[in-house]
Amino acid sequence: MASSNESDAERRKAATPSDNEVVPVDTYLCEEDHDCVIIHEVFDGQAPLEKGERELDKAMLARHSTIVIEPHQLGEECMRYIRVGNALHKTSVLSGVIALGMSGFRWSWSIPFSSVSVGCAAVYHFSWQHDPACKYQVDTAGNYLHRIPLDQLTATAPIILLRRDDRVRKKLHNTIACACGVLLAYQLFSYATS
């Protein structure tokens, strides 16, 4: 274990990045055998936000279980992006459940909720579902601070992203949205033919 970490460190020292290359992100072994990536703040004056974004993309595509983002602006942007995706998902599911529940009582009331559910699900599908960021959630409460090597941090308030398995969530989301789509099509067809 120690020899592989030493060889990784030697490889990083041997690689001298040019202006177009990205400085490699350090990978650490966190508690419970989860890997952790820390994206450090870069103060070299050459578009540090773009370098941080590239490093964040690389870390997400590599499917690291924990990503720590030290640059404040990059962390805030990532957190907002994840929150928008979560809001779309929750809006789609909640409005879909309301629409399906209302369909037994008032058909006319379920039409707007079905429309919102299908619309949010479509936006989520085409904009977020295939993005690697949708697999991550922000640890806002700091419950997973014990997982990261605190001695390696240089920022006082880093953003911590945790990789989550979202297959069940997506199945629920898509099932409810499809049911609402069928309900909406049936309602609109019945109104048009009556």
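Looking across region 156-194 at every residue that is of a type in the set (D, E, K, R) and under 24 Å from residue 99 (Cα atoms), the one that is farthest from the chain's Cα centre (by Cα) is identified as 171.
Kindly list, by first and then second residue, each pair from a residue in region 67-96 that is over 14 Å from residue 174 (Cα atoms) to a residue that is acidic (Asp, Glu) and part of a helix (DSSP H, G or I), limited to pairs with Cβ atoms under 8 Å and residues at least 6 apart or on different chains. Final answer for the pair search is 74/53.
Applying the condition of being small (Gly, Ala, Ser) and exposed (fewer than 15 other Cβ atoms within 10 Å of the Cβ) to region 66-114 and asking which residue is nearest to residue 140 (Cα to Cα) yields 87. Would you confirm, using the coordinates I've provided, whether residue 37 is modelled with pLDDT under 85 and touching a Ser or Thr at 6+ places or on another chain (Cβ under 8 Å)? Spelling it out, residue 37 is indeed modelled with pLDDT under 85 and touching a Ser or Thr at 6+ places or on another chain (Cβ under 8 Å).
Looking across region 158-179, the residues that are part of a helix (DSSP H, G or I) and closer than 30 Å to residue 60 by Cβ come down to 167, 168, 169, 170, 171, 172, 173, 174, 175, 176, 177, 178.
The values are calculated or read from the model by the stated rules, or taken from the named source; none is laboratory data. The shown structure was predicted, so the numbers you read here are calculated from the model rather than taken from an experiment. Because the Cβ atoms are built from the backbone with ideal geometry, glycine has one as well, and the counts that use them run over all protein chains shown.
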